[in-house]
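Please read the structure below before turning to the comments.
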Amino acid sequence: MADRRAAPATMNFSPISLPRLKPGVFFPVGRPMAWRRWSLWPVLIVLVVSMLVTLVWLAGRYEASQVQGRVERDVADAVADIRLGLGRDMQSLQALQSSAGPASAAAPPEAWSDAARQLLRERRELVRIESRDRSLRLLSGIDSPYRPPPLRSESERLSSIEESLTCATARRTGTPMYSPSYFMRRQDGLGFEVVELCVPVQRGLQPAGYVVATFALQEILSDLVGPNIIRHQDISFTEPDGTRLAARHGSTRRGTRLFTAHQLLDLPGTALVLRMDSWHGAPSVFPNVLTALVTFMSIALVSVLVLLSKDNRRRLQAEHDLAEALAFRKAMEDSLVTGLRARDLQGRITYINPAFCKMVGFDSHELLGHDGDLPYWPPERAEENRRRQAYRISGDAPPPPQEGVESVFMRRDGTRFPVLIIEAPLINAQGLHTGWMGAFLDLSEQRRIEELSRASAERLQATARLATVGEMASLLSHELNQPLAAISSYATGSLNLLSHENARGAAPDQGTVQDISMAMNRIAEQAERAGRVIRSVNDFVRRRDQSREAITPRAVIDAVMPLIGLQARKLNVEVRIRVDAGLPPVLCDRTMVEQVLLNLARNGMQAMAQMPIPQRILEIGARPAVPDARGDWLEFRVCDRGPGIAPDVEAQLFTPFFTTKSEGMGLGLSLCRTVIEQHGGQLGHAPQPGAGTVFFFTLPAGKKG
C-alpha cells in the first residue's frame, strides 16, 4: 500500500507554467551575474529616495520646529506680560485701600471714589471697582468710563456663588483671589468675558471688607500683551477644555500653515489657557540649485515608483479577482449535491468535494492519496472495480460514455446504494492529460421513487382491471348461459337416446352411437368455450409480478377476444382482425399489454354506440412500425368508425381523471400510455380516413423462435 501522505506526482492544477524553449537555445553563462547586478538597482533607488525624502523631511521639520519655538516663546512672553500687568493692577488696588481708606456703609469717602476713577482711567482692562463690607454688601461701585455699564442688578451680585466662594477663600488665606471667568451682559445687548479679583481689607488684625475689581479678558489681551507679539499672530484665552473666552486677531497672515502654542496662566483661585496661533508659509526646501536638481531627480524616481505602484495595484487587483474566483468556485463545489472526485494517471485520488464525502461517509483525509482498493467499494464488487480501474489507467480504454455508467458503492456503515458515474479526462492548462475527473450521483432516492411509481401503477392497473370486470359481470352471465344451456341440452338428448336404447333391450345401432358422439363433442366444445371465458377474466384480474415474455401479436389479440366479443355482441359491433403474416413476437408484459388492447377496443366500441348498426365495425390489427424498416418494432392498431375526437377533448385526452363518460374514472388512456412508455414504445391516435379514429401503439419485437 502506498503512503497516503505522498503527494501526487503528475497532477498539476497550478496555473503557473515554465517557459517553453526552442531546441538549441540556451541561456548565456553570465546571465545570473547580470540578473544580480540588475537586482541592485532597485535597492540603490530605494536608498537614494529614502535619503532625499529624509533630508527634505528633516529640513521641513527643522524649519517648522523653529517657527514653533518662536510661537512658544511669544506665548510665554505674553503670559509674562499679563502676569506683570495683573500684578501691577493688584498693587494699585491694595494701594487704593491704604491711601483712601475703605468706605463706610453710611457715607463712602470721596477720596476713595476719586482714586478709583483715576485708576479706571489709567487701566483700561478694569471694568468696575467695588467696595464691599464683610457681608459682601455693596458699599460703593465705580464703572469704567470706556465701556457702557454692565447689566447686573444688586440681587444678582449678592447671589453670585462663585464671587462669594472667591472672597471667602481670599479672607481665609489673607491674599487676593481671582474668580472663574463668566459672561457679563451690557445695556446695549452685548457682553464680554470677565474675571473678578477679590482683595481682602483688614483693620489691624480684623477683616474690614473687600475690594472687588472686574477685569475684561478682551482688554487684558489688548493692553497687557506687547504689540510686537500680537501684530502677526492670533492670541486668545481658552478654558482647559478648549472653550474660547476672548480673542485678539493679528493684522495679517503670512502663510497658510498654522502653528499653535498653549501656555497656562495660573492665577490665584483660577487658571486660564493662553493660546497663540501663528500663520506661516510652507518651509523652504530649495535653498540652492543643487538641491533643486536633486529634488528633480527624486521627483523622477518618485514617478517611477508611482508607475510601479500602479502596476502593483493592478497585480493586487488581479490577485484579488483570482482569489474571489477561486473562492466562488470553491463555494460552488462545496454546495453541490453531486459528488466530485479527481484522480491522477496512477489512479491516486487527488481531490474530493464535501458532497462525495457525505455520500460515502468517509472524511477527505481518509481518501486523498488512496490508490488501492477504495474503502467504499463493496467486497463482492471489488474485483470488478479493480479490473475496470486498471483498464482505465492503462490508457487503452475508449472514452467513457457521456451518459455515464451505473455502479454500486458502500457507505461506512456497510449499506449499499446505486450511483451513476460520469467520468471524463482531466486536461491541464497546457493541454496535457493529467488524470480523470468523475461526477457521482446517488440514485437511491430515484430508485425509491421509481419503485413507488411502479407499485402505484400496478395498483391502478389492478383497480382498472377490477372496474372493467365489474362492468362485464352482466355480460359474462349472459355469455356463460349459452354454452351451459347447450351443454344441458346435449346432455339431456344423450341421456334420452341411451334410455330409449336401454328400454328396447338391444345394443345401440350405428346412428345412435354417432348422435351420442356428436352430442359429447358439442358438450366438450361448449365446456371449452365457457372455460376460455373464465380463464380470460381470471388472467386479466389476477395480479402478478411484472415479467416480459416473447409472445406473438396474434396470441395477444386472441387472449382478449373473448372479453371483446362480450362487449361487441352487446353493442352489435362487428370485430375484424388483421394481422400481417410473418410478424416476429413482441417482448412485453402480456397482462399489461392485454389491458391496453382491451381498453382501446372498449373505447372504440363505445364511441360507435350512437352510429347505425351497419357502420359499427371495429378493426384490430398488427403490422411492422412504419418508421422502422428493419421490423424491430411492431405497431398495434385499433380502428373505429365513430364520430371522431373533438379538438377540445383531444388536448386533454391523456390527462388523468379526464373523461367524457358519466360513469368513467378518467384513468384508462393515462394508464395505457404509462404502460406503453414503460415498454419503450409510444401511444398515439389519428383521424380515420372517412370517419372514425385509429389508436396505435408500438412495442419492441423479440427474436423469432
- Work through the residues other than Phe636 whose Cβ is under 12 Å from its Cβ and net out their charges, Lys, Arg +1 and Asp, Glu -1. 0
- Item | Coordinate range along principal axes, alpha carbons of the range 64-278, Å, largest first | 62, 38, 29
- Message: What translational diffusion coefficient, to the nearest whole µm²/s, does the range 557-616 have by Stokes-Einstein, given a Kirkwood radius computed over alpha-carbon pairs, a temperature of 25 °C and 0.890 mPa s viscosity?
- Response: 192 µm²/s
- For labels at Gln118 and Ile577 in the simple 7 Å Cα→Cβ model, what's the distance in nm? 15.6 nm
- For the residues Met184, Met332, what sequence is obtained by ranking on other C-beta atoms within 10 Å, fewest first? Met332, Met184
- Query: Which order, highest average first, do 63-72, 339-348 follow once you tally other Cβ atoms within 10 Å for each residue and take the mean per peptide?
  - Reply: 339-348, 63-72
- Note on the structure: Projected area averaged over all directions for the convex hull of the alpha carbon atoms of the range 548-705, nm², comes out at 9.4 nm²
- Message: As an exercise, use a Förster radius of 60 Å and the Cβ-Cβ distance of Arg134 and Leu258 to find the FRET efficiency, rounded to the nearest 0.05.
- Response: 0.75
- Once label points are set 7 Å from the Cα along Cα→Cβ at both Leu653 and Leu460, what is their separation, rounded to one decimal in nm? 1.8 nm
- Query: Going by how many other Cβ atoms sit within 10 Å of their own, how do Phe362, Phe695 line up, fewest first?
  - Reply: Phe362, Phe695
- For Arg315 and Arg412, FRET efficiency with R0 = 51 Å and r from the beta-carbon atoms, rounded to 0.05? 0.65
- Item | P(r) tail fraction, the range 199-251 - alpha-carbon pairs more than 17 Å apart, % | 54 percent
- Send over the semi-axes of the range 334-442's equivalent ellipsoid, whole angstrom and largest first, taken as the square roots of 5 times the C-alpha gyration tensor eigenvalues. 21, 16, 14
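The numbers here are math on the coordinates, done by the rules we state, and not lab data. Bear in mind that the values here come from a model prediction, so they are computed numbers and not experimental data. For neighbour counting, all protein chains shown are included, and Cβ atoms are generated from backbone atoms with ideal geometry for every residue, glycine included.
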